[in-house]
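Read the structure below first, then the notes.
The values are calculated or read from the model by the stated rules, or taken from the named source; none is laboratory data. All values derive from a computational prediction rather than experimental measurement. These area figures cover heavy atoms from the full protein model, side chains too; ligands, DNA and RNA do not enter into them. Shrake-Rupley method; radii C 1.70, N 1.55, O 1.52, S 1.80 Å.
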Amino acid sequence: MIQSYPALSLSEWIKIIVELSKIRISQSVAMSALVGYILATGEISLYVLVPVLGTFLLSCGSAALNQYQERDVDGMMSRTRQRPLPSGRITPETVLRISLGLMAIGAFLLLFGVNVMAFTLGLFNVYWYNGIYTPLKRETTLAIFPGSIIGAIPPAIGWVAGGQSVFDPRILIVCSLFFIWQIPHFWLLLMNLSKDYLKAGFPSLAEKFSERNMARLTYAGIIVTIVNGLLIPFIDSDYSIFLVIALIIASGWLLWVSRKLLYDSLKESAIISVFLQINIYMLLIMNFLALDRLIF
């Protein structure tokens, strides 16, 4: 039986493309590339729009390709069943064309508008996300560890766009923060959505650990994230005392507000709260790093 698809208006097409692009995540990816560029150059110029836009479009295309790859399991989960493909608003072939088009434009901008290294890092990230992490998370609960490499690459794209070496310790420590942060971030998400993941057949740590132990493991991950953040100023003597104080305050705040994960009686609202707070922490760190480089 051939499935029919409804005709779409322009506004509906825009809404679908925004949904396919996982726009909030892609905006965060672009912002981290912007921070990398500012750290490399100490300035914001019109040129920065090229690497930031290229990174953003690659992320949008990669997210759309991920939804194409996971269209079967998305329909099994409450959180994702209303996405464009499982809800039947668009054909898989159309999603594939949209994703490839977005990635092609993003790759073009990085290759011809920035440099070969930015292009290489961008394509590597797409390959790692769609070619390695997406199938791997169906096989093992530990997929988040190699998968977290995906979040560590965008700051490096901005950094090399600013003319710096990708092997510079100053950007490697920042990238490591983005890498480590994703692990407790994902575990917090998993604690709320474990039933959905299991329903779709994804292996989950929630099968192996009690909620209390998952919460303690996540809190340990938050501590490791905080320690990594506090190490950043020690790699580069150019950072100001402002950054050191700001990092200490933000770290102390996150450590305090996330202590609720250690409570014997853990409520769902507490997990959601810490999830939001760890995101705010990362947003603060990105802003502190950028402001310190631009002002001091």
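Binning every alpha carbon pair distance of the chain at 5 Å from zero, what are the percents per bin?
Computed distribution, short to long bins: 1, 5, 11, 15, 16, 16, 14, 11, 7, 3, 1, 0, 0, 0.
Determine the share of the chain's accessible area contributed by carbon and sulfur atoms, expressed in whole percent, with a 1.4 angstrom probe. If you can, show how the numbers build up before the last one.
Numbers: 9620 of 14240 Å².
That fraction is 68 percent.
In whole Å and largest first, what semi-axes does the C-alpha gyration tensor of the range 247-291 yield when each eigenvalue is scaled by 5 and square-rooted?
Working: eigenvalues 112, 24, 3 Å².
Semi-axis lengths for the range 247-291 are 24, 11, 4 Å.
What number of lysine-lysine pairs in the chain show an alpha-carbon separation below 21 angstrom, given a sequence spacing of 8 or more or placement on distinct chains?
For the chain, the number of qualifying lysine pairs is 8.
Which residue, Leu49, Leu247, Leu177, has the most motion in a Gaussian network model of the chain that connects Cα atoms within less than 10 Å?
It is Leu49.
Please identify the helices of the chain, taking whole runs of DSSP H, that span at least 30 Å along their own axis as judged from the Cα atoms and have a mean Kyte-Doolittle score of 0.0 or higher.
Membrane-span-like by this criterion, though nothing is claimed about a membrane: 92-113, 169-199, 211-235, 268-295.
Taking each pair of distinct Cα atoms in the range 2-98 once, what is the resulting Kirkwood hydrodynamic radius in Å?
Value: 14.8 Å, from the Cα pair sum.
For the range 218-279, taking Cα atoms only, what is the radius of gyration to one decimal and the Dmax to the nearest whole Å?
Considering the range 218-279 through its Cα atoms, Rg and Dmax are 13.6, 45 Å.
Quick one: accessible area per residue over the chain, 1.4 Å probe, rounded to a whole number of Å²?
Accessible area per residue: 48 Å².
So, how do all the Cα-to-Cα distances of the range 164-296 break down into 5 Å bins, in percent, from 0 on up?
With a bin width of 5 Å, the distribution comes to 2, 10, 20, 20, 16, 12, 9, 7, 4, 1, 0.
Per residue Cα convex hull volume for the range 73-154, in cubic angstrom?
108
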